[in-house]
Amino acid sequence: MSDDGVEHEIHASRAERWPDWLPLATLVVGLALTAALALASAAQYRSNEQRLLRLRVHDAATLFTAALPEIQTSLGSAAELASATNGDVRRFRRYVAPLVGTKPGQSFVTMSLWQRSRISRGPVTVVGAAPELSTKAAAAFFAGATRGGTLNVTGLLHAPAPRIGYAYAAPAPAGGYIVYAASAIPPNHKSPVQSNSAFAGLDFALYLGRSQRPRDLLLTSVNSLPLKGRHAAAVVPFGDTSLTLVLSARHPLAGTLPQRLPWIIAIVGTFVTLAFSLIAARLATRRRDAERLAGENRRLYAEQRGIAQTLQHALLPQELPAIDGLELSARYAPGVDGVDVGGDWYDVIPLGRERVLVVVGDVSGRGLPAATTMAALRYAIRGYAAQDDPPATILTKLSDLVSVSRDGQLATVLCAVMNVDRREITVTSAGHLPPLLISGGDAEYIKSDVGLPVGVETDHAYSSATVTVAPGATFLAFTDGLVERRDESITDGLARLRGAALEQDGDLPELLERLVRGSHRDAAEDDIAILGLRWPSSTRS
Amino acid sequence: MAEFNAELTTNENGTAVVAVRGELDIQTVPQLEAVVAPALEANPTRLVLDVSELRFADSSGIALWVRWAAQVDELELLRPSPLLRRVLTAMGLEQKLRMTP
């Protein structure tokens, strides 16, 4: 009897395992992705805002240059008039009077006529406020106006009130007269922003020239400079100089959603990442628990199976007796689940010098009740055999030990008495499957009357049948696990076994091993006990 | 777990008839016992098992029938499959359990 019966394998696939680092990896990757997305979104938002701001600053700056032709026309006409009338003060004053004042449409706070050759003597005439130009300043202001026909933006005056001055000299040869005009700049250079203007929602600072020095500041919408936050600047030509407009947005130009999007992404991404990490952590924990339980089950199963097999080994013969002139072998294979002891057994009992009683039996049911009944039957048979009881008597007496009415158990038992020298087999069956006899290339089941299983009736009489076999014959007794399949008639199972036995021609242990393995091909669920005897081919020496 | 089902009815003669279907083995034997228990309480003289749809019966199931056969005067197996008939014959039980037809 060997231990290499059918092993019940439990596969633990490593591929299905959840790695322990998965939750942490989910967290790290998720947060990294969230951060990357949020940063990308923020960068996109910034570049978009900057682009929009640049568009706005160009649009707004153009508005300022649009004022230039009007100023140029006003000053140019006045200068042409002065030249044409040779400095007619009255006509000059009458022409410019509507342009000077503080009413809407009046652009200038002061206009004055100067004679180029007599700048040092001051203006020829002044309309409106005093020009507030010292002789020195006037000379400096008008130095650039030597070339006639262009508007010269002469610069900023800071006292007594901020002004911006313009000068226009009539083109030569009529030249000689210069018209100076100045527009007021609000105190502190502060200009409120109209909500419907091009500057709605924006802060701006407008400088004369290309620099953004505070002393060049014309107008601004804020109380203190420089402008805070994101800003864009545009430089546009303004007469013979330039204007520099700096804008900053008070609110996001593309609306608040793009501004908030990075934060939304960051918050939502963090929550989603945390959620996934928690789920992954829970799954990993569950997985671990399941694996632990599975391991525990495997251990318990193996233990149970070990106990069952140990008990089975203990209940079956430790070794078969050596019989002179007869080869003996036996196999026991637990069923697929193998966690219960079974009720199958075999035994070999020498009877005197030349006879051997061979027993194979099967107690119905499984577990300890079946195993204890089996043990009782096995040892009872040994006892009765020692009293020289024939098999038919033994089987009848066994009914004292098993009762289907009392225990719900019955047992099928096959007793075969071998006369070794005469090669005679006497078979007595209590509801058991017939033994197989393989001899001379043929195999047949030994026919005998089949009596009731043990435990059915107390006083059943059994009958025996005797056959004589040829040298080299092999006798196989077995339990139903070897031939029984649920989807097949027992007749077919017996025929299959017969066919399988004929195909084998190895030694006896090998034959039993192959028959057991062959029957297990479709996962036999029942235990198998099989006992084989073989006479030597040649006559005993 | 093998597929199994048992149903207890009483025919016009007042005899308990148990329809047994599927596979009867050591795991399903308690189910059959539970279904038949009420009928056995009345100490009937006859018990009919309709086994026409029983695909398989192992020794535990057969042991149960044999036990019942001792309890009642007559246990009848109605329409056993050739497979079941051969098993019972192989066990020498055809004389204890009446099989019809």
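The values are calculated or read from the model by the stated rules, or taken from the named source; none is laboratory data. Just so we're clear, the structure is a prediction, and the values are computed from it rather than from any experiment. Methodologically, a virtual Cβ is constructed for each residue, glycine included, from the backbone with ideal geometry; neighbour enumeration extends over all protein chains shown. Heads up: the accessible areas ignore ligands, DNA and RNA and are worked out on the full protein's heavy atoms, side chains in. Shrake-Rupley method; radii C 1.70, N 1.55, O 1.52, S 1.80 Å.
At a glance:
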| read-out | value |
| --- | --- |
| Folded to 0 to 90 degrees: helix A:68-84 orientation relative to chain A principal axis, Cα | 10 |
| Estimated buried accessible area (total), pair A and B, 1.4 Å, Å² to nearest 100 | 1900 |
| Pairwise centroid distance, computed over Cα atoms, of the range A:67-94 with the range B:4-48, Å | 129 |
| For A:76-84, mean number of other protein chain Cβ atoms within 10 Å | 0 |
| Efficiency of FRET between A:Arg514 and B:Asn43 - r from beta-carbon atoms, R0 51 angstrom, step 0.05 | 0.45 |
| Distance between the range A:286-327 and the range A:453-497 - C-alpha centres, whole angstrom | 27 |
| Straight-distance crosslink candidates among aspartates and glutamates, where the alpha carbon sits under 14 Å from A:Lys103 and sequence neighbours closer than 8 are dropped | none |
| Surface accessible to a 1.4 Å probe, per residue, for the residues of the protein assembly as shown, Å² | 49 |
| Restricting the range A:289-364 to GluC sites (Glu not before Pro) in coil, as DSSP defines it, with at most 13 other Cβ within 10 Å | A:Glu319 |
| Prolate/oblate/rounded label for chain A (Cα gyration tensor, a/c 1.5) | prolate |
| Simple label model, 7 Å out from Cα along Cβ direction - A:Leu52 to A:Arg260, nm | 1.5 |
| By average C-beta atoms within 10 angstrom, highest first, the peptides A:25-33, A:503-511 | A:25-33, A:503-511 |
| The range A:347-388 and the range A:220-258: distance between their alpha carbon centers, rounded to Å | 110 |
| Cross-link partners of A:Lys397 among lysines (Cα-Cα below 20 Å; sequence separation of 8 or more within a chain) | B:Lys96 |
| Sequence-distant lysines (8 or more away, or on other chains) whose Cα lies within less than 21 Å of A:Lys228 | A:Lys190 |
| Sparse-neighbourhood loop sites, trypsin sites (Lys or Arg not before Pro) in the range A:433-489 - DSSP loop, at most 13 other Cβ within 10 angstrom | A:Lys447 |
| Extension gain (nm, one decimal) between A:Thr73 and A:Asp400, 0.36 nm per residue minus Cα-Cα | 103.7 nm |
| Around A:Ala138: net Lys/Arg minus Asp/Glu count, Cβ-Cβ under 14 Å | +4 |
| Crossing angle, helix A:367-386 versus chain A [Cα axis fit, 0-90 degrees, rounded to tens] | 20 |
| Loop-resident sites, the range A:195-284, for trypsin sites (Lys or Arg not before Pro), counting at most 11 other Cβ within 10 Å (DSSP) | A:Lys228 |
| Potential extension, A:Glu132-A:Ala36 segment - 0.36 nm per residue separation minus Cα distance | 28.5 nm |
| FRET efficiency, A:Val124 to A:Arg215 (Cβ-Cβ, R0 30 Å, nearest 0.05) | 0.50 |
| Cα gyration tensor, the range A:310-534 - rounded (a/c under 1.5), prolate or oblate | rounded |
| Spin-label model distance (nm) - A:Arg298 vs B:Leu8, 7 Å beyond Cα toward Cβ | 4.6 |
